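Novice: There's a structure below that I have some questions on.
The values are calculated or read from the model by the stated rules, or taken from the named source; none is laboratory data. Given the structure is predicted, the values throughout are model-derived calculations rather than measurements. A quick note on method: Cβ atoms are made from the backbone with ideal geometry, for glycine too, and the neighbour counts reach across all protein chains shown.
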Amino acid sequence: MRTLKNLAFLADDLTLGSPAQQLLDRFLIGYPRNGSFQRLEGCQTTLWLPPGASTTELNLRVKDCGLAFVTDLHALATHADGIVVIPRDPIHWNAAPWLEPLLANAPAHTPLYIYGSLGPSLSEARRWMDLAKARNLQLLAGTATTATWRLPELDFPPGAGIKEALIVVQGPSPQAELDGLEGLFPFLEKRAGGECGVRQVHFLGGADVWQTVQPGTWSWPLLAAAISRSDSPQGDPVRDGRTQDLVGLGLVPKLARQPRGWLLRHADGLQSMVLVLDGVVADFNLALRTSAGKTLSTQLYRPPPPAQHHFSRLAGWIEDYFRTAQPPWPTQRNLRVAGLLEAFDEMRASRQTVREIKTGGH
C-alpha cells in the first residue's frame with residue numbers, strides 16, 4: 001500500500017453539489033467509511049481551476065481546510081501520488097488541454113482517475129489509454145453510480161450465466177445513458193465468460209419502447225422486478241402514499257415522460273436494456289434473469305443531496321486505487337462506455353434506430 005502525500009485535483013466547476021465539490025471535500029475533510037470516519041492524515045491536496053472559474057468555494061477551502069491552489073497545470077502533477085480529473089460535462093469534454101500536460105508530467109506509475117467518460121468517442125478514449133500506457137501511468141474513468149451501494153446486495157455468483165438484464169434510470173440525455181451503462185456493466189462483467197463486447201445497438205423512443213416488449217429483448221416481468229426495488233414510485237404514491245403495482249395496473253406507459261431505451265446486443269447473445277423512464281420512479285433500479293431462470297433485482301442507492309453519500313463510497317474506491325495502483329473495475333469498461341455513448345449520440349443525431357458497432361470485451 002502506497003502512502004499518499006500529495007493529491008492533485010483538476011476541475012472546471014467547484015460549485016456546491018457538483019461532483020468536484022463532493023469528491024474534493026472528502027479528500028480534504030474526510031468521509032464515513034466502513035463504520036468510521038476516514039481521514040487522509042499528512043496528505044496535501046492541490047487544486048487547479050481554469051481562469052474565470054468561480055472561486056467562492058475555493059477560497060473557503062484554502063482558508064479552512066488547507067487546500068493548495070495552483071494556476072500552472074503543467075506543474076500540478078509533478079509530485080502527485082494520485083490525480084483526479086473532474087470536468088463539468090462528464091461526457092463531451094475536451095480532454096486534450098488537461099490530459100496531455102498531466103500525462104507528460106506525472107511521475108511514472110501514478111494513478112489517474114477521471115470522473116465521467118474517458119472521452120466523447122471510442123477513438124479518443126483509446127488515444128488516452130495508449131498514451132497513459134506508454135508513460136507507465138494508470139488511467140481509470142467512471143462515476144459514483146458504478147460504485148454506489150446496492151439495496152439489497154445481489155447474491156450473483158461470478159461465472160453464472162445471464163439471460164436478460166435491464167436497468168431503469170432517469171434524467172436528461174446523455175447523462176442518464178452514462179448512469180445506465182455505469183450501473184449495468186458491473187453486473188454483466190461477472191457473467192460466464194465476462195463481458196465480450198456489444199455488437200449492435202437498437203434505439204427505442206416513445207411508443208416504440210412498449211411495442212418491443214418480449215422475452216429476449218426486455219420483458220414486463222423483468223421491469224416489474226427492477227422497479228419493485230424502488231422507494232420512489234411516482235403517480236398516486238406521491239400524492240397520497242399508497243402502494244401501487246405500476247406494472248400490473250398498466251400505469252408505466254401512462255406515467256413515463258418521453259421514454260427511451262437502448263437495447264444492447266452482446267457478442268455472446270445476451271441482450272441487455274437501458275431504460276430511461278422519467279416519471280415512473282425517481283431512483284435507479286436493475287434486474288437480471290440468470291441462465292437458471294432466477295430473477296435478481298436491486299436498487300442502486302443514491303443518497304439525496306446535499307450530502308450525496310454515494311460519493312463517499314466512490315472516494316473509498318479511488319483512495320484504494322491510488323494506494324494500490326490496482327483499478328477497482330476493468331479499464332476495458334472505459335472504452336466500452338465511451339464507444340456506446342458515441343454511438344448513442346450519432347444515432348440520435350441521424351435518427352438512426354439500429355447500428356452495428358464493436359466495443360470489444362474483457
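Novice: What pairs come out if I take residues in region 95-107 that are closer than 13 Å to residue 124 by Cα and in the same structural domain as residue 134 (by TED's automatic domain parsing) and pair them with residues that are of a type in the set (Phe, Trp, Tyr) and at pLDDT 95 or above whose C-beta lies under 6 Å away, six or more apart or interchain?
Specialist: 99/128
Novice: Checking the condition closer than 30 Å to residue 43 by Cα and either at pLDDT 95 or above or not small (Gly, Ala, Ser) (or both), which residue from 324, 290, 298 passes?
Specialist: None of the others qualify; the one that does is 324.
Novice: Next up: So, restricting to strands (runs of 3 or more DSSP E) that lie completely within region 49-121, which ones have at least 2 residues that are of a type outside the set (Lys, Arg) and under 23 Å from the mean Cα position of the chain (by Cα)?
Specialist: Answer list for region 49-121: 82-86, 111-115.
Novice: When the residues of region 89-118 are filtered to those that are more than 16 Å from residue 12 (Cβ to Cβ) and of a type in the set (Gly, Ala, Ser), which remaining residue is surrounded by the fewest Cβ atoms within 10 Å (Cβ to Cβ)?
Specialist: This residue is 108.
Conditions tested, residue by residue: (1) in a strand (DSSP E or B); (2) buried (at least 22 other Cβ atoms within 10 Å of the Cβ).
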site	(1), (2)
3	no, no
10	yes, yes
13	no, no
20	no, yes
24	no, yes
32	yes, no
37	yes, no
41	no, no
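Novice: Further, regarding this structure: Considering only residues of region 135-170 that are exposed (fewer than 15 other Cβ atoms within 10 Å of the Cβ) and among the small types (Gly, Ala, Ser), which is modelled with the highest pLDDT?
Specialist: 161
Novice: Then there is this: Given the condition in contact with a Leu (Cβ under 7 Å, 6 or more places away or on another chain), buried (at least 16 other Cβ atoms within 10 Å of the Cβ) and not in a loop (DSSP other than H, G, I, E, B), answer yes or no: does some residue in region 227-237 qualify?
Specialist: Looking for residues that are in contact with a Leu (Cβ under 7 Å, 6 or more places away or on another chain), buried (at least 16 other Cβ atoms within 10 Å of the Cβ) and not in a loop (DSSP other than H, G, I, E, B), one finds at least one in region 227-237, hence yes.
Novice: Scan the helices (runs of 4 or more DSSP H) fully inside region 125-211 and keep the ones with 2 or more residues being under 20 Å from residue 353 (Cβ atoms) and among the small types (Gly, Ala, Ser).
Specialist: Ranges flagged: 175-188.
Novice: Quick check on this structure: which one of 265, 313 is in a helix (DSSP H, G or I) and either within 21 Å of the chain's Cα centre (by Cα) or not assigned by TED's automatic domain parsing to the domain that holds residue 181 (or both)?
Specialist: Of the residues listed, the single one that is in a helix (DSSP H, G or I) and either within 21 Å of the chain's Cα centre (by Cα) or not assigned by TED's automatic domain parsing to the domain that holds residue 181 (or both) is 313.
Novice: Hey, another quick one. Within the set of pairs 6 or more residues apart or between chains, which connect a residue that is of a type in the set (A, V, I, L, M, F, W, C) and modelled with pLDDT of 95 or more inside region 231-248 to a residue that is surrounded by 10 or more Cβ atoms within 10 Å (Cβ to Cβ) and part of a loop (DSSP other than H, G, I, E, B) with Cβ atoms less than 8 Å apart?
Specialist: 246/235; 246/280
Novice: Among the hydrophobic types (A, V, I, L, M, F, W, C), assigned by TED's automatic domain parsing to the domain that holds residue 323, crowded, with 21+ Cβ neighbours inside 10 Å and in contact (Cβ under 8 Å) with a residue 40 or more places away in the chain: is that true of residue 67 in this structure?
Specialist: So residue 67 passes the test.
Novice: Scanning region 298-316 for residues that are crowded, with 18+ Cβ neighbours inside 10 Å and hydrophobic (A, V, I, L, M, F, W, C), which turns out farthest from residue 38 (Cα to Cα)?
Specialist: For region 298-316, the residue satisfying everything is 300.
Novice: Restricting to region 225-256, name every residue that is hydroxyl-bearing (Ser, Thr, Tyr) and more than 23 Å from the chain's Cα centre (by Cα).
Specialist: 243
Novice: Between 212, 243, which is of a type outside the set (D, E, K, R), under 25 Å from residue 348 (Cβ atoms) and surrounded by fewer than 17 Cβ atoms within 10 Å (Cβ to Cβ)?
Specialist: 212
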